[in-house]
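Notes follow the structure.
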Amino acid sequence: MSNLLSIVVPCYNEEQTIHTFYEEVLKVKQEIPQINFEFIFINDGSKDKTLTVLRELEKKDPEQVKYLSFSRNFGKEAALYAGLNYAKGEYITVMDVDLQDPPSLLPKMFELLEENEDYDCIGTRRVTREGEPKIRSFFAKSFYRVINKISDVNIVDGARDFRLMKRPMVDAILELKEYNRFSKGLFSWVGFNTYYLEYENIERTEGDTSWSFWQLFKYSLDGIIAFSVFPLVLSAFVGLFSFIAASAALIFFFIRAAIYGDSTSGWPSMVCIILALGGLQLFCLGIVGQYLGKTFLETKKRPIYILKEKSESISKEQ
């Protein structure tokens, strides 16, 4: 199926955007008629009528539309993995259903992939963040700066999950069966040649994003923990520095008391020192706990996702 493109589309409470996305992608298909399309929508435990819309869309276009439905919300990373796992095409792309990943870029991505045999993947990156809250943009840029300094994996600033990949790259990603997944890092870690296509930021067509600031913050922490042990090294240095500082302070106070005597009881300063050191210890234990918790989840060998329902076309193929 060298002419088949699998389009992996995670969906969470996206009943308003699915039809619009589907129609926009079909318009693009006219520009690359040599490629057949396969839509793989993943319903990630949506609370609205997303699953109903997907069922109707499959009945309307059973040749191209397939869907998977989780038993509950497992997260976007699980949805991506499931979609890649069921994709049959020689080319695979990952797209957001809210059209912030513009389908109009697909023809250019195909052109770049075919003209350069050395490329295994054409990725996309936003060069602007217009329309996004400034605080979110600030933390996003800070995240890329930090993770690229403390990790061996280079993650391009503004890179999206939206990318066009050849089958060998997808097969390599599927070999990584870790439970705690951070796809932006995994895409880079597998090491295939990637060219990034730049574009201006596009706002959602309909509905509201399901990603809150807190969810994005936790997601960024998952990425740092997944691809760097720097926080553990930092906690060790903080602990060592605290020990040296406390030891130096004890020596200083001992010498001062021996020479000048101790005119005060010293309990306020002692309480402050204990609280400061206790806080540092808890901070370091928290970092270690994050790594230990991730390791604990990995050792359970739980499935990355659980399917409750899948389209009839997928069942027939199997």
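Data for the structure
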{"item": "Test result for Tyr196, surrounded by 12 or more Cβ atoms within 10 Å (Cβ to Cβ) and modelled with pLDDT of 75 or more", "result": "yes"}
{"item": "Condition check for Thr205: at pLDDT 80 or above, in the same structural domain as Asp96 (by TED's automatic domain parsing) and polar (S, T, N, Q)", "result": "no"}
{"item": "Residues satisfying the stated conditions in the range 86-128, i.e. charged (D, E, K, R) and either surrounded by fewer than 18 Cβ atoms within 10 Å (Cβ to Cβ) or without any contact (Cβ under 8 Å) to a residue 60 or more places away in the chain (or both)", "result": "Lys88, Glu90, Lys108, Glu111, Glu114, Glu115, Glu117, Asp118, Arg125"}
{"item": "Residue count, the range 164-193 (criterion: modelled with pLDDT of 90 or more and within 27 Å of Asp98 (Cα to Cα))", "result": "9"}
{"item": "Matching helices (runs of 4 or more DSSP H) fully within the range 1-114 where at least 3 residues are over 21 Å from the mean Cα position of the chain (by Cα)", "result": "18-29, 50-60"}
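The values are calculated or read from the model by the stated rules, or taken from the named source; none is laboratory data. On a predicted model such as this, the values are computed, not experimentally measured, just so you know. Heads up, the Cβs are rebuilt from the backbone with ideal geometry, glycines too, and the neighbour counts pull from every protein chain shown.
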